[in-house]
Amino acid sequence: MINFGVWAPDEQTFWTSWQNAGICDAERNLLSPYNQCVQLTAGLWPGTVERNGVPVEGWHCNVRVFGLVEDQFTSNIEQYDENGVLRDVIDRTWAVVAFSLTEQPADTETGFPAGWRSSTGVTYTDIRNFSTPANVWQ
C-alpha cells in the first residue's frame, strides 16, 4: 500500500490539480482505475489541522493507494532499502515523474514536513513523516 499526506493552499487547488492529472472529474469523482484503488480522507473531515488550538494555513488530507494503481506506480522500483526498511513513498514510486513534482523543504508556517510539490502548489509527503490524529477513509 502507498500512504501519503497532502497539503494544498486550499481544497479547490487540490481537486483542480487532481482533475488536471486525470485522477478525478470536475465533480471530484475519482476516474477509473483510481476509483477502485485510491481512498482519501477528503470529504470525511474538513481538512483543517490545528496547532495549539489554532488552525494552520492550507488544506490537508491523507491518501492511500492499492491494487492496480499501486502496482503501476511501484513497478520496477525497489521498495525496501538494503536493511529491509520500506523506502520513502517518493523513492519507491513513479510519482515525481508522473506528476512533475519538485523537492519541497519542510514548511515552518504550516508544520507540513519536507516532501514533493506540484506546479499548482500541492505538496505530498510519506505518511510516516508526520503524526495524524486519525485516518478516516471514504
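Quick note: the coordinates plus some simple rules give every number you see, no bench work behind them. In this text, all values refer to a predicted model and were calculated from it rather than measured experimentally. Virtual Cβ from ideal backbone geometry, glycine too; neighbours counted across all protein chains shown.
D for the range 72-138, whole µm²/s, Stokes-Einstein with Kirkwood Rh over alpha-carbon pairs at 37 °C and 0.692 mPa s: what number?
Here the translational diffusion coefficient equals 247 µm²/s.
Just want the ordering: S119, S17, from fewest to most Cβ atoms lying within 10 Å of their own Cβ.
S119, S17
Give me Rg over Rh for the range 2-129, both radii from the alpha carbons and Rh done the Kirkwood way, two decimal places.
Radius of gyration relative to Kirkwood radius: 0.96.
Out of all DSSP beta bridges in the chain, what portion is antiparallel? Express it as a percent rounded to 5.
Around 95 percent of the beta bridges assigned by DSSP in the chain are antiparallel ones.
Which value in nm describes the separation of the simple spin-label points at L31 and N129, placed 7 Å from the Cα toward the beta carbon?
In this crude spin-label approximation the distance works out to 2.7 nm.
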